[in-house]
There are 4 protein chains.
Amino acid sequence: MSDRVAQAREDLAKANRILAHEEVIDAFGHVSMRHPMHPDRYLISRHRACELVQPEDILELTLDSVPVTATTHRLYGELVIHGCIYQARADVHAICHHHSSSVLPFCVTDVPFQPIFHLGATCGPMVPMWDSREEFGDTALVVTQPAEGQSLARALGPNWMVLMRRHGATVVGQSIQDLLFRTIFTSRNAELQGRACVMGDVAPLNDVETQKCFTFHQGPRPLERAWEYWSMRLQKTEALHALAMRALTTR
Amino acid sequence: MSDRVAQAREDLAKANRILAHEEVIDAFGHVSMRHPMHPDRYLISRHRACELVQPEDILELTLDSVPVTATTHRLYGELVIHGCIYQARADVHAICHHHSSSVLPFCVTDVPFQPIFHLGATCGPMVPMWDSREEFGDTALVVTQPAEGQSLARALGPNWMVLMRRHGATVVGQSIQDLLFRTIFTSRNAELQGRACVMGDVAPLNDVETQKCFTFHQGPRPLERAWEYWSMRLQKTEALHALAMRALTTR
Amino acid sequence: MSDRVAQAREDLAKANRILAHEEVIDAFGHVSMRHPMHPDRYLISRHRACELVQPEDILELTLDSVPVTATTHRLYGELVIHGCIYQARADVHAICHHHSSSVLPFCVTDVPFQPIFHLGATCGPMVPMWDSREEFGDTALVVTQPAEGQSLARALGPNWMVLMRRHGATVVGQSIQDLLFRTIFTSRNAELQGRACVMGDVAPLNDVETQKCFTFHQGPRPLERAWEYWSMRLQKTEALHALAMRALTTR
Amino acid sequence: MSDRVAQAREDLAKANRILAHEEVIDAFGHVSMRHPMHPDRYLISRHRACELVQPEDILELTLDSVPVTATTHRLYGELVIHGCIYQARADVHAICHHHSSSVLPFCVTDVPFQPIFHLGATCGPMVPMWDSREEFGDTALVVTQPAEGQSLARALGPNWMVLMRRHGATVVGQSIQDLLFRTIFTSRNAELQGRACVMGDVAPLNDVETQKCFTFHQGPRPLERAWEYWSMRLQKTEALHALAMRALTTR
């Protein structure tokens, strides 16, 4: 395995665990990354909870969501979310699908998700809503068919986040760091907007402010600072668990 | 003790501690499992908080909630919840009674509990409400008499979750894994619906979607993934506590 | 020191730390116990946060809140809350004053605190409100003068919990275990009622139910189960911290 | 380095980590202290998350926010918040800029921040609102230009806390302990007021009460008790992490 791929697998596994550690993702949800050398492939964990994902769990898939190498591992049921978006958006290099507590209320009410502070503007100028019912009728809501993944990708369009009615959200990024930043701070924005909108009328950022904040927070300064912070927090927790698990097996 | 019973006691004790660890249950509440070889018996912990339950705390009771072997241990006061439901529902193999923070508001208001995302549909097509006042007048609300347990079982009917006015909820499953999944994700659904309904009108899953999601999430894929996740989380915390307690006693 | 006093100091110190561990109390708030052998004295920590209180921090005071033995330690500013209630209520053996996040909203709105589930009925049939402004005008709200402590004790009357406008709550018990149970579950009730009342009209327990639940939960069964649970939780956390602090000093 | 400066760097680094540990600050936000011997300088960390700040990260800047000694470290983008306030307010010796979850809703609605309990009165008699749009139009909201910092300082005026529309808050103190106390308890007040105001009309402290509470809580008693409490809590967590990280590197 090349160094770049090894690094990508490590970064992707860590991003999985950071999103669990920062409480955006629980037992379900998944995170992927476009292959660093083969843009017609993507990397994603085998079927397991993000908190548990290690580099050795990462598989390589074509954009049709077929494993490059045959595997006996179980795969996520909603791979088409990733494959179809990578096909539609050459500028997207990382994708996260989640059902965070803060975002879900916006998927079942008519309250529009809006950036209400600078960091929330990482959602981008528009956050479209996708309702599986419109095209596919009454389903189990999970996105398992290519036609469903393509429909979701169309709904996302040129944007960076799409809400999914009665289901959750899918967020995309130009890099794994960019994705992490957007996923965490849009969840935080949802939390804040949710609190605020029951207190009174909410005055969000306007379009120019949103665009300026969006651009500002794609620079290396915010991304690197946040990545260091989330990485260190994760490392502290994991070091503790590693210590305990080792003690457990050697007593 | 047969291997199957030993395994059942271990799984049940672990399910107790997982429900505490995932913050569905605190000092009160209880979890039981139908005996794996004698369907006319069930397993449940002696009277203690779920977080503390170990395999050696598990007792064997008849469906009349009488210990199969005489015991000096204190028993839960609300055993009839378990015994009466196992008598009424041959398809039920595990039961949890709890007072989680997210579900309680639905027990004291007229807001109907509704599945608002795919994982919440594990509640099943209908969640009935039981009010002890209707049949038994003003009581201490705890369900201690066979007549009360039978009334609750009738209210549950063929469903998978019953709310109890001014008290909490009782959830049932086809297996301990199925029960855990339903208990945790219905609590999460309640949390989300509670947040959403103060923000605006909530558009829940319709009946067909609910049924499809319900079926989907009873497959081995979701159940095993979630069971692994909750088990690993619990193990990490418990390994840490074990390490500390050992150090405490050997210093 | 007699064994009974040593045990009382240990129990009281532990109750302090449990109330911090269960997140009812933060930097401020205090807990006391009537002296087990001299009913005209009470035990309370020197001036420090409950989370930090150890048996050796416990002082002995007369019911006029004067230290039995001269001390150079700083004392809490609001000792009269404790002294005046012990003077007025021979049946009270433990007192907690706190500003928990769940109870505070009831101190600044007109929403009446009401038991909404069986465990919340530990508040007793009535929870009066005390407003320092009525008798003492505009103050710094802290209860530091005997006249203020006596006024608060009068407001409490024969009840078990009194809310203090723009300030917090004072809870009393027949024993330290009874106090802990009431303090934690009334805070939990406040949390639940707060969530519920923004969702819709709340239908609380009626007077007969409240009385029956109140009586039920003063028996040894609930008190001992909860005391074991909170003690074990605290012990696990403290064992971990002890291990770490020891490692810190010996590296 | 003089002892006083070494102590200041240690206190400031600890204050950074306490504000992260008590969940007021996450990846962003920053804390500074006026130089203890050169009032025309201030101390602040290099560009990194507060949770990670150590004494060796602390830099020395002039009140024009220029490093006293040239440095290759990245600097915070919003240094002018600190420099401009120290220039305008000789009585201010410590400053915190944050985006806490509890305060943000007050920055995007018209609900006025008001002290609702004694500890919340540390905000002082008035909490002004600053809107960057009024003077600077549509920006990325971050305060990076001297003119913006000066405008913010003018909005703060003689007060102790200023809200920043669609952005966050800036809090100032007479000492690092005073700042910590105000920052944490005004965040807590915001949390409580936020909960209360959706339950019903909120009756806050009046002006005389606010002033009396404000004065009371600037005495050494509350400040030292809280400082000990937050320091011990931080130390317990950090000792644990230190133990784990050491084990990680020596296995």
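Every number in this text was worked out from the coordinates using simple rules, so none of it is lab data. Predicted model, so just to flag it, every value in this text is computed and none were measured. Glycine also receives a Cβ, built like all others from the backbone with ideal geometry; neighbour counts cover every protein chain displayed.
Treating the beta-carbon of each Lys and Arg as +1 and of each Asp and Glu as -1, no other charges, what is the dipole magnitude of the protein assembly as shown about its Cα centre, to the nearest 20 debye?
On the way: 96 positive and 112 negative charges, 450 e Å.
Dipole size: approximately 2160 debye.
Amide H of residue A:100 versus every other amide H placed in the peptide plane: which residues, excluding those fewer than 5 positions away on the same chain, fall under 5 Å?
Close amide H contacts, sequence-distant or interchain: A:169.
Work through the residues other than residue B:151 whose Cβ is under 9 Å from its Cβ and net out their charges, Lys, Arg +1 and Asp, Glu -1. Could you put the intermediate results ahead of the total?
Details: positive: B:154; negative: B:134, B:135, B:148.
Summing Lys and Arg as +1 and Asp and Glu as -1 gives -2.
Using just the helices of chain C, give the 222 nm mean residue ellipticity in deg cm²/dmol: DSSP H runs with n ≥ 4 each add -39,500 (n - 2.57), and the total is spread over all residues, rounded to 500.
Details: 8 runs with 113 residues, N = 251.
For chain C, the value works out to -14500 deg cm²/dmol.
Report the one residue of C:186, C:127, C:73 whose Cα lies farthest in the direction of the positive end of the charge dipole of segment C:3-250 (charges on C-beta: Lys and Arg +1, Asp and Glu -1; origin at the Cα centre).
So the residue furthest toward the plus end is C:73.
With all distinct Cα pairs included, what does the Kirkwood hydrodynamic radius of the protein assembly as shown come out to in Å, to one decimal, could you say? Write out the running numbers ahead of the final one.
On the way: mean 1/r = 0.0333 Å⁻¹.
The Cα-based Kirkwood calculation yields 30.0 Å.
Segment D:56-75 to segment C:182-210: how many Å between their Cα centroids?
Comparing the Cα centres of segment D:56-75 and segment C:182-210, I get a distance of 53 Å.
Tell me, what are the semi-axes, in whole angstrom and largest first, of the equivalent ellipsoid of segment C:122-205 as set by the roots of 5 times the Cα gyration tensor eigenvalues? Mind dumping the intermediate values first?
Working: eigenvalues 120, 60, 23 Å².
Values for segment C:122-205, descending: 24, 17, 11 Å.
How much net charge surrounds residue B:137 when only the other residues with a Cβ under 12 Å from the Cβ of residue B:137 are counted, with Lys and Arg +1 and Asp and Glu -1? Working shown, then result.
Working: positive: B:133, C:212; negative: B:131, B:134, B:135, B:138, B:148, C:209.
Result for the local shell: -4.
Report the equivalent ellipsoid semi-axes for segment C:1-141 in whole Å, largest first, defined as the square roots of five times the eigenvalues of the gyration tensor built from alpha carbon atoms. List each step's numbers first, then the result.
Working: eigenvalues 142, 65, 50 Å².
Calculated on Cα positions only, the semi-axes equal 27, 18, 16 Å.
With only alpha-carbon atoms in the gyration tensor, what are the semi-axes of the equivalent ellipsoid for segment D:61-167, in Å, largest first? Walk me through the intermediate numbers first.
Values: eigenvalues 125, 57, 33 Å².
Taking √(5λ) for each Cα gyration eigenvalue gives 25, 17, 13 Å.
Of all DSSP beta bridges in segment A:63-213, what percent run antiparallel (nearest 5)?
Working: 9 of 11 bridges.
If I count the DSSP bridges inside segment A:63-213, around 80 percent turn out antiparallel.
Consider just the alpha-carbon atoms of segment A:44-93 and return their Rg together with their Dmax, both in angstrom.
Radius of gyration, then largest Cα-Cα span, for segment A:44-93: 11.2, 31 Å.
Kirkwood hydrodynamic radius of segment B:102-251 from all distinct Cα pairs, in Å?
Working: mean 1/r = 0.0578 Å⁻¹.
It is 17.3 Å.
In a GNM of chain C with a 10 Å cut-off on Cα contacts, which of C:236, C:14, C:212 has the highest mean-square fluctuation?
Taking springs between Cα atoms under 10 Å, the residue moving most is C:236.
For segment D:3-250, with the dipole built from +1 on Lys and Arg beta-carbon atoms and -1 on Asp and Glu ones, taken about the Cα centre, which of D:240, D:230, D:139 lies farthest toward the positive end?
Going by the Cα projections, it comes out as D:240.
For chain D, count all C-alpha to C-alpha pairs, find those more than 31 Å apart, and express that count as a whole percent of the total.
Details: 7059 of 31375 pairs.
Distances greater than 31 Å cover 22 percent of the Cα pairs.
What are the GluC sites (Glu not before Pro) within segment B:1-60 that DSSP puts in a loop, where the Cβ has at most 13 other Cβ atoms within 10 Å? Don't skip to the end; give the middle numbers.
Working: sites: B:10, B:22, B:23, B:51, B:56, B:60; in loops: B:22, B:23.
Sites meeting the loop and neighbour criteria: B:23.
Kindly provide the trypsin sites (Lys or Arg not before Pro) of segment D:44-147 that DSSP labels as loop, not H, G, I, E or B, and whose Cβ sees at most 15 other Cβ atoms within 10 Å. Could you put the intermediate results ahead of the total?
Numbers: sites: D:46, D:48, D:74, D:89, D:133; in loops: D:46, D:48, D:74, D:89.
Passing sites in segment D:44-147 are D:74.
Which residues in segment D:1-39 place their backbone N less than 17 Å from a point set 7 Å from the Cα of residue D:73 along the Cα-to-Cβ direction?
D:1-2, D:5-18, D:28-36, by backbone N distance to the label point.
What is the sum of charges, Lys and Arg at +1 and Asp and Glu at -1, for the other residues whose Cβ falls under 14 Å from the Cβ of residue D:84?
Values: positive: D:34, D:89, D:154; negative: D:40, D:64, D:78, D:135, D:148.
Charge balance near residue D:84 sits at -2.
Report P(r) for segment D:119-164: all Cα-Cα distances, bin width 10 Å, range 0 to the bin holding the largest distance, values in whole percent.
In whole percents, the pair-distance histogram is 27, 49, 20, 4.
Quick one: which of A:14/B:236; C:236/D:14; A:212/D:14; B:236/C:14 span more than 28 angstrom between C-alpha atoms?
On the way: A:14/B:236 18 Å; C:236/D:14 26 Å; A:212/D:14 34 Å; B:236/C:14 26 Å.
Too far apart for the 28 Å limit: A:212/D:14.
Find, among the chymotrypsin sites (Phe, Trp or Tyr not before Pro) in segment B:66-146, those assigned to loop by DSSP (not H, G, I, E, B) with at most 15 other beta-carbon atoms within 10 angstrom.
Numbers: sites: B:76, B:86, B:106, B:113, B:117, B:130, B:136; in loops: B:76, B:113, B:117.
Sites meeting the loop and neighbour criteria: none at all.
Quick one: Debye curve from the alpha-carbon atoms of segment A:64-122 only, equal weights, vacuum; give me log10 I(q)/I(0) at q = 0.20, 0.25, 0.28 Å⁻¹ to two decimals.
The Debye formula, applied to the Cα set alone, gives -0.99, -1.13, -1.17.
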